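The structure appears below as structure tokens.
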Amino acid sequence: MSKYKVLVVDDEPDVVELLERTLKTEGFHVISAYDGISALDLVSTEKPDLVLLDLMMPMMSGYEVCEQIKSNPQTQSIPVICVTSAHTPDARAHSLQIGASDVITKPFYPSELIARIKRQLQARD
């Protein structure tokens, strides 16, 4: 697998660290942001191949970040996988309605996360 660039966005440093370690073990190049504003800056400057996005963040929610990524012609083709502790069907449905490619609930199995990421990247290629 070529070295895809994945942007990890979560306001919890422990979650970011876990995701970074999991992705790097699989050969991904990882960049990280701890808030929505930084995430949007990195999406426009780094052009990641995929975004892993927490939904519940202060200042700017993951929903808002996803909507901005998907409404920008320069970034709308980047797959966004929402990673959330919101287990309600409404939260999952809302994520998909605003353009998320997939939704994974926390806690997650690293092997399932990797499989879903690879599926999104293969569908994009």
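The values are calculated or read from the model by the stated rules, or taken from the named source; none is laboratory data. Worth saying up front: this structure is predicted, and the values here are computed from it rather than measured. Virtual Cβ from ideal backbone geometry, glycine too; neighbours counted across all protein chains shown. Heads up: the accessible areas ignore ligands, DNA and RNA and are worked out on the full protein's heavy atoms, side chains in. Shrake-Rupley method; radii C 1.70, N 1.55, O 1.52, S 1.80 Å.
Before we move on, is V43 under 17 Å from L121 (Cβ atoms), modelled with pLDDT under 95 and among the aliphatic types (A, V, I, L, M)? Answer is no for this residue. Of the residues making up segment 93-125, those that are touching a strand residue (DSSP E or B) at 6+ places or on another chain (Cβ under 8 Å) and among the aliphatic types (A, V, I, L, M) are L96, A100, V103, I104, L113, I117, L121. A Cβ distance below 6 Å, combined with a sequence gap of six or more or placement on separate chains, defines the contacts here; from segment 6-23, residues that are in contact (Cβ under 8 Å) with a residue 40 or more places away in the chain reach residues that are of a type in the set (F, W, Y) in the pairs V6/F28; D11/Y34.
For segment 64-103, the set of residues classified as in contact (Cβ under 8 Å) with a residue 12 or more places away in the chain, aliphatic (A, V, I, L, M) and more than 15 Å from L7 (Cβ to Cβ) consists of A86, A91, I98, V103, listed by residue number. Taking segment 56-89 as the range and being farther than 16 Å from R116 by Cβ and of a type in the set (A, V, I, L, M) as the test, the residues that pass are M56, M57, M59, M60, V65, I69, A86.
The helices (runs of 4 or more DSSP H) located wholly in segment 1-100 that include 1 or more residues which are open to solvent by 20 Å² or more (accessible area, probe 1.4 Å) and basic (K, R) occupy 13-25, 62-71, 89-97. For first residues located in segment 30-43 and under 14 Å from C66 (Cβ atoms) and of a type in the set (S, T, Y), partners that are surrounded by fewer than 19 Cβ atoms within 10 Å (Cβ to Cβ) and at pLDDT 95 or above and lie 6+ apart or on another chain with Cβ distances below 6 Å do not occur.
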